[in-house]
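Data block below; observations after.
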Amino acid sequence: SPFYTYGSDQVSLFKRIVQVKYGFPQNIVNDLAQDLITRLIVRRQANRFGCLARGDMDIRDHPWFAVIDTDKLLNKRIPAPWVPRIKDALDTSHFDSYKHVENEPAGDRHHLSSLKQELFRDF
């Protein structure tokens, strides 16, 4: 994320997002990518790429996407650069493990109050 800074916590990250404070690592993100990202993360929606008069065409026509044939992409005619090998429909081996969260003692988890639980009764 362009908003992440090494060593920052989640609250700091959220503040940087809301305040639209970001940066790019040097020599990693090229100028075209930086330009596209900068136009996409504009705070005011009316000025944001994709929300202007040309809508998504502004994004599609951006030079960073010049190497992509959008017609082929939209019609699913571009082969995937990597297709994961999966054992079955429930195989999650390509996702991060959250066993450490699942195995937390119940006392460490935050529970909703009765009032808040009631809000979700029919959900």
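The values are calculated or read from the model by the stated rules, or taken from the named source; none is laboratory data. Computed from a predicted model, the values in this text were never measured in an experiment. Every residue, glycine among them, receives a Cβ derived from its backbone with ideal geometry; neighbour counts consider all protein chains shown. Quick note on the areas: whole protein, heavy atoms, side chains included, nothing else; ligands and nucleic acids left out. Shrake-Rupley method; radii C 1.70, N 1.55, O 1.52, S 1.80 Å.
Descriptive notes on the structure:
- The single condition among (1) surrounded by 11 or more Cβ atoms within 10 Å (Cβ to Cβ); (2) of a type in the set (Asp, Glu); (3) more than 21 Å from Pro2 (Cβ to Cβ) that Asp58 does not meet is (3).
- Residues of the range 94-118 that are of a type outside the set (A, V, I, L, M, F, W, C) and closer than 30 Å to Ile68 by Cα: His94, Asp96.
- Residues of the range 103-123 that are modelled with pLDDT under 75 and either more than 30 Å from Pro84 (Cβ to Cβ) or assigned to a helix (DSSP H, G or I) (or both): Pro105, Ala106, Gly107, Asp108, Arg109, His110.
- Residue check, Tyr4 in contact with a Lys or Arg (Cβ under 9 Å, 6 or more places away or on another chain), open to solvent by 90 Å² or more (accessible area, probe 1.4 Å), among the aromatic types (Phe, Trp, Tyr) and not in a helix (DSSP H, G or I): yes
- Restricting attention to the range 61-102, the residues that are open to solvent by less than 70 Å² (accessible area, probe 1.4 Å), under 29 Å from Gln34 (Cα atoms) and either of a type in the set (Phe, Trp, Tyr) or not in a loop (DSSP other than H, G, I, E, B) (or both) add up to 2.
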